[in-house]
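The block underneath contains the structure these notes are about, expressed in structure tokens.
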Amino acid sequence: MEGPTNTQRFSVSDKPFLRALKGEKVMPPPVWLMRQAGRYLPEYRATRGEAGGFLDLCYNPEMAVEVTLQPLRRYNFDAAILFSDILVVPDALGQKVSFTAGEGPRLPPIRDESGLKALSSAKLHDHLAPVYETVRGLKASIPEKTALIGFAGAPWTVATYMVEGSGSKDYAETKKMAYGQPKLFEAIIDLLVQNTGDYLISQIDAGAEAVQIFDSWAGILPEDQFARWCIKPAAQLTERIHRERPGIPVIGFPRGAGLLYERFVDETGVDGVSLDTTMPLAWAAKVLQPKCTVQGNLDPIMLITGGEAMDQAIDRILEILGNGPFIFNLGHGILPSTPPENVARLVERVRNFKA
Ligand code: CP3
């Protein structure tokens, strides 16, 4: 029998984050935080200042690798998440995205057939080549126990930005299209399912060991519409990744889905589900955790609050979810005003947890 080759020397099962996603109860639980690279870190602000625009940073592999590594150096998280943004996909399809200070993203909105026709998949991989380069750079530079997560926005959430042309309070334009012109909206979603799948497969081929699909606005739809625009695309993406790249786990994040989290898990086949801040822990432990690994769900504002209130909130999550396959995380991304020392305190507390 031949021994393992060098590249196989550390099998994936040595990484606590990947073991948890395979359904193992890992103690202490692995920990990483959504948006762990970002403006709360002075070193991020410095690199961001040198990059020019935010998207220039996303498309600069050397700088994107650097900002991905920054939080790992401070906190030794169990996973690194590729530094990029969910809106690079519409940008790659030809719907030009811009970010201006303090205003969030802007895109020329798609409101009819002509807007859809202007999009093209032809240059997807050329446009996103710098992102794949970032993944390869990370694969070569992260610590051996750290897992590398690739990601994309879920078709529904990405479509809201494409149709609204920005963030929104009520997503009325997107809902009106989904409810009133379902054929047109379905064509947008199908285009995103195809291209997001291609994009995630390429991230995996560049070295991503797991992928997370962010559906930040999943929680605003009625049940039947949620099934059609959130569950179905997530199921298609998960099925494709499992079929074409067996062994790569998929984490879904249907933020705000409430009771529909259960249907989401049942019908998508995800390996892990990320719980938003409002999800009741005992319910998640009883209903979701027997079906898949759960991740979450400290309130990002609790991370700003810090101190004993934060310690208690962390312990409660660990005590209730720590008895099954679990990954510690926030319920949504880190906020820019987060004190970096609170993140250190959080990681230390999770690492010192004993069942
Ligand atoms: O988690 C990580 O560290 C990886 C990087 C990451 C970013 N965005 C970097 C970013 C990830 C995973 C995202 C996902 C993302 N982007 C989502 C889904 C998750 C969520 O938070 O709900 C969404 C909806 C977006 C779209 C987006 N990107 C918005 C609405 C904004 C502006 C709001 C803001 O915080 O300024 C962004 C910008 C953005 N994406 C920043 C970062 C670090 C801040 C930009 C800057 O540095 O100026």
With θ taken as phi - 60° and the coefficients 6.51, -1.76 and 1.60, list the Karplus ³J(HN,Hα) couplings across segment 303-315 in order, rounded to whole Hz; mark glycine and proline as x. 5, 6, 5, x, x, 6, 4, 5, 4, 5, 5, 4, 4
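Can you check what the Kirkwood hydrodynamic radius comes to for segment 84-154, Cα pairs only, in Å to one decimal? Don't skip to the end; give the middle numbers.
Numbers: mean 1/r = 0.0703 Å⁻¹.
By the Kirkwood definition, the hydrodynamic radius is 14.2 Å.
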Which cross-chain or sequence-distant (5 or more) residues have an amide H under 5 Å from the amide H of N329, H modelled 1.01 Å from N in plane? G296, N297, L298
Hey, got the Cα dimensions of segment 232-355 along the principal axes, in Å, largest first? 44, 30, 26
Mind pulling the angle between the C-alpha long axis of helix 124-141 and the longest principal axis of the chain? Nearest 10 degrees, somewhere in 0 to 90. 10
Considering only T293, T100, T68, give the residue with the highest GNM mean-square fluctuation for the chain, with springs between Cα atoms whenever their separation is below 10 Å. T100
Taking N as its residue count, the alpha carbon Rg of segment 132-275 over 2.2 N^0.38 Å: 1.06
Out of all Cα-Cα pairs in segment 113-203, roughly what percent, to the nearest whole number, are more than 20 Å apart? 47
Specify the angular offset, from 0 to 90 degrees and rounded to the nearest 10, of the alpha carbon long axis of helix 182-206 from the longest principal axis of the alpha carbons in the chain. 40
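What translational D, rounded to a whole number of µm²/s, comes out for the chain from Stokes-Einstein when the hydrodynamic radius is the Kirkwood one over Cα pairs, at 25 °C and 0.890 mPa s?
Working: Rh = 20.6 Å.
The diffusion coefficient I find is 119 µm²/s.
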Amide H of G153 versus every other amide H placed in the peptide plane: which residues, excluding those fewer than 5 positions away on the same chain, fall under 5 Å? F214
At the level of C-alpha centres, the distance separating segment 252-291 and segment 61-117, in angstrom, is 26
Over all viewing directions the Cα convex hull of segment 1-140 casts an average projected area in nm² of 12.5
Got a sec to turn the phi values of segment 162-175 into Karplus ³J(HN,Hα) couplings, 6.51 cos²θ - 1.76 cosθ + 1.60 with θ = phi - 60°, whole Hz, x for Gly and Pro? 5, 7, 6, x, 5, x, 7, 7, 10, 6, 5, 5, 5, 4
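Read-outs: derived from the displayed coordinates by stated rules, not from any lab. A quick note: this is a predicted structure, and the numbers were derived from the prediction, not measured.
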